[in-house]
Amino acid sequence: MTRSGATRGSRAARRARLALGGVAALLLVAACRTPDALRTAPGALPHAESAANGAPPAPAPLPRAALALGLDADELAAIVAHGPWPPPFRPDPTNRASGDPAAIELGRRLFDDPRPSADGRRRCADCHRAELGFADGRARPPGADGRPLDRNAQGLLDARLQHWFGWDGGADSLWAFVLRPLADPREIGTDAGRLAAVLDADPTLACLRRAAFGDPRPSGEALRVQVAKALAAFIETLDSPRTRFDALRDALAAGDADPGAEAVARAYPADALRGLRRFVGDARCAACHVGPAFTHGEFHDAGRPYMAAPGRPDPGRHGGIAALRADPFNRLGPWSDAATPDAAVRTRHVAPSHRNFGEFRVPGLRALVLTAPYGHDGSMGTLDDVITHYSELDTERLHADGEALLRPLRLDPAARAELRAFLSTLSAPQPAAPAAATPSPAVAACRARPGA
Ligand code: HEC
Ligand code: HEC
């Protein structure tokens with residue numbers, strides 16, 4: 001007992017150090033990326049006079065936009081680390097269809113197509129609705145048998161920025177994850193035979209598949225993998241829109257080189273600014289919700305209950321690691337298209353530990369306004385419920401490393417409102433979907449190909 005307790009303690013300490021090290025590294029990167037203009041800008045700085053009088057050298061001057069908001073250098077670096085947005089597209093090396101227009105169009109169409117499903121009625125889009133950030137508004141959506149699934153359906157915006165998929169990280173690529181809802185009888189419940197029949201009966205889908213993956217059409221697992229890779233290529237295109245936060249962040253990053261920066265920064269709502277300072281400051285939210293997508297993509301125990309059903313705990317990351325290692329479609333397996341082994345580094349090094357029980361992937365916080373309810377089981381209905389959770393946190397529930405980062409914040413009503421105001425600046429109205437060109441350019445291109 002004592003021994004395992006000690007091991008757990010030191011592991012926890014190591015993990016906390018790792019987590020904080022990661023944040024520090026990010027901040028460092030952000031600081032290094034800060035344009036030179038920001039560091040050398042002249043201007044009427046409060047310290048300038050005392051420096052001239054022989055006092056200790058003044059710290060690097062802050063840009064006028066940061067001074068106008070009363071931010072210090074640490075706050076500035078921490079805020080700038082949450083961008084820029086959107087990050088450039090980087091194709092998934094394990095998916096040769098990543099970024100391919102024909103594959104994206106095939107995925108877009110299949111996402112909304114009930115024909116492959118076991119009963120001919122179920123679609124990905126039933127549980128991932130575009131107008132809800134590709135979440136579905138329910139705590140836990142019902143499966144085909146009418147019983148709720150174990151977890152909340154994530155919104156799919158910004159999924160391309162993750163490196164583990166699912167709340168438990170049971171898959172290490174988008175396409176490997178997508179194979180699961182495709183096969184699961186509670187979700188789509190399809191198989192290679194049905195997929196082949198749908199593709200063969202629909203000349204447009206057949207054409208897009210051929211353009212993306214070539215002939216001949218495979219069968220069996222190879223066909224399921226092609227369909228999953230096309231769906232993943234589509235999901236990779238779903239970026240959440242730029243927000244009021246991004247305007248502030250870019251103004252702060254631009255420094256005095258941008259004459260409009262100060263006015264943009266001043267336009268950010270004052271209550272949201274106080275919430276933001278708490279978020280990157282004493283509330284320590286940004287220890288986990290950090291980086292452009294407001295998550296570091298790893299797993300934590302945030303003190304939420306984790307019973308999937310009475311007497312049946314959801315093992316969270318612990319089960320996810322077991323699933324990932326047993327998965328023949330993971331990055332170490334033959335279905336990955338990566339040319340070099342570095343694409344599988346994370347997967348090779350993942351190791352289970354007892355403390356992973358009840359850990360879940362830290363969710364990103366963009367487009368939150370669309371994706372209620374919250375948490376891995378949808379048990380927090382509103383942002384107010386989330387804030388109450390962190391305000392009144394039950395530390396008895398936490399693993400050791402959670403404790404290192406989380407403590408009840410005991411926020412008063414004004415502080416709660418400010419945090420909520422900040423979180424709401426991470427969402428923006430979805431831009432209206434562009435009117436679909438008929439036929440889409442990808443379809444036209446594929447029809448124009450010889451042999452189409
Ligand atoms: C019956 C509802 C339902 C259907 C149908 C469904 N999903 Fe999901 N989806 C979920 C739930 C619930 C989760 C969360 C599962 C988890 O994390 O364990 C999820 C998670 C995901 C994720 C993980 C996102 C992330 O950020 O890690 C992806 C990707 C996804 N679904 C894609 C699809 C695709 C593609 C289809 C169609 C082939 C589909 N889903 C069909 C309910 C559904
Ligand atoms: C120790 C890491 C950690 C810290 C610190 C942390 N969170 Fe979280 N957060 C998580 C995890 C993990 C979840 C998912 C919890 C679950 O469902 O089990 C989560 C869930 C959320 C959600 C729900 C998002 C969704 O899409 O479901 C919001 C909102 C949120 N956190 C905001 C905050 C705020 C605000 C703070 C600071 C007061 C904060 N978090 C601090 C790890 C953290």
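The set of residues from segment 255-278 being closer than 13 Å to Leu76 by Cβ and not charged (D, E, K, R) comprises Gly255, Ala261, Ala265, Leu273, Leu276. Residue check: is Asp136 touching a residue at least 60 places away in the same chain (Cβ under 8 Å), within 14 Å of ligand 2 (Cβ to nearest atom) and touching a strand residue (DSSP E or B) at 6+ places or on another chain (Cβ under 6 Å)? Against the criterion (touching a residue at least 60 places away in the same chain (Cβ under 8 Å), within 14 Å of ligand 2 (Cβ to nearest atom) and touching a strand residue (DSSP E or B) at 6+ places or on another chain (Cβ under 6 Å)), Asp136 does not qualify. With respect to the conditions (1) in a loop (DSSP other than H, G, I, E, B); (2) over 28 Å from the mean Cα position of the chain (by Cα); (3) not β-branched (Val, Ile, Thr), Ala206 falls short on a single one, namely (1). Select from segment 235-251 the residues that are in a loop (DSSP other than H, G, I, E, B) and surrounded by 22 or more Cβ atoms within 10 Å (Cβ to Cβ) and write down the one among them that is farthest from ligand 1 (Cβ to nearest atom). Step by step, filter segment 235-251, then rank; the result is Ser240. Residues in segment 289-311 include none that are more than 16 Å from ligand 2 (Cβ to nearest atom) and of a type in the set (Lys, Arg). Answer yes or no: is there a residue in segment 213-229 that is polar (S, T, N, Q), part of a loop (DSSP other than H, G, I, E, B), at pLDDT 95 or above and within 11 Å of ligand 1 (Cβ to nearest atom). No, because not a single residue in segment 213-229 is polar (S, T, N, Q), part of a loop (DSSP other than H, G, I, E, B), at pLDDT 95 or above and within 11 Å of ligand 1 (Cβ to nearest atom). Of the residues that make up segment 179-193, is at least one near ligand 1 (Cβ under 6 Å from one of its atoms), touching a residue at least 40 places away in the same chain (Cβ under 8 Å), outside any loop (DSSP other than H, G, I, E, B) and in contact with a strand residue (DSSP E or B) (Cβ under 9 Å, 6 or more places away or on another chain)? Looking for residues that are near ligand 1 (Cβ under 6 Å from one of its atoms), touching a residue at least 40 places away in the same chain (Cβ under 8 Å), outside any loop (DSSP other than H, G, I, E, B) and in contact with a strand residue (DSSP E or B) (Cβ under 9 Å, 6 or more places away or on another chain), one finds none in segment 179-193, hence no. Count of segment 281-333 residues, restricted to those that are of a type in the set (Phe, Trp, Tyr) and over 17 Å from the mean Cα position of the chain (by Cα), is 2.
Segment 252-365 holds helices (runs of 4 or more DSSP H) entirely within its bounds, and those carrying 3 or more residues that are more than 16 Å from ligand 1 (Cβ to nearest atom) and buried (at least 18 other Cβ atoms within 10 Å of the Cβ) map to 261-266, 270-280. Of the helices (runs of 4 or more DSSP H) lying entirely inside segment 38-118, those carrying at least 1 residues that are within 30 Å of Phe279 (Cβ to Cβ) and modelled with pLDDT of 95 or more are 64-69, 73-80. Is it the case, given these coordinates, that Ala176 is among the small types (Gly, Ala, Ser), more than 8 Å from ligand 1 (Cβ to nearest atom) and touching a Pro at 6+ places or on another chain (Cβ under 6 Å)? Spelling it out, it is not the case that Ala176 is among the small types (Gly, Ala, Ser), more than 8 Å from ligand 1 (Cβ to nearest atom) and touching a Pro at 6+ places or on another chain (Cβ under 6 Å). All of Pro185, Pro86 fail the test of being within 15 Å of the chain's Cα centre (by Cα), at negative phi and more than 16 Å from ligand 2 (Cβ to nearest atom), apart from Pro86. In the condition set (1) within 16 Å of ligand 2 (Cβ to nearest atom); (2) crowded, with 18+ Cβ neighbours inside 10 Å, Leu106 is compliant with all but (1). Which condition number in (1) in contact with a helix residue (DSSP H, G or I) (Cβ under 6 Å, 6 or more places away or on another chain); (2) at pLDDT below 95 is the one that Cys285 fails? Every listed condition holds for Cys285 apart from (2). Per the listing Asp172, Asp126, Asp119, the residue uniquely without any contact (Cβ under 8 Å) to a residue 24 or more places away in the chain and away from ligand 2 (no atom under 12 Å from the Cβ) is Asp126. Condition first: in contact with a Gly (Cβ under 8 Å, 6 or more places away or on another chain) and at pLDDT 95 or above. Now tell me which residues in segment 323-358 satisfy that. Residues satisfying the conditions are Ala323, Leu324, Asp327.
For every residue, the table says whether it meets (1) crowded, with 19+ Cβ neighbours inside 10 Å; (2) within 15 Å of Ser98 (Cα to Cα).
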| site | (1), (2) |
| --- | --- |
| Trp167 | yes, no |
| Gly193 | no, no |
| Asp202 | no, no |
| Leu205 | yes, no |
| Ala211 | yes, yes |
| Ala233 | yes, yes |
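The values are calculated or read from the model by the stated rules, or taken from the named source; none is laboratory data. Quick caveat, the model's predicted, so the values are computed rather than measured. When we count neighbours, we look across all protein chains shown, and the Cβ atoms used for this are built from the backbone with ideal geometry, even at glycine.
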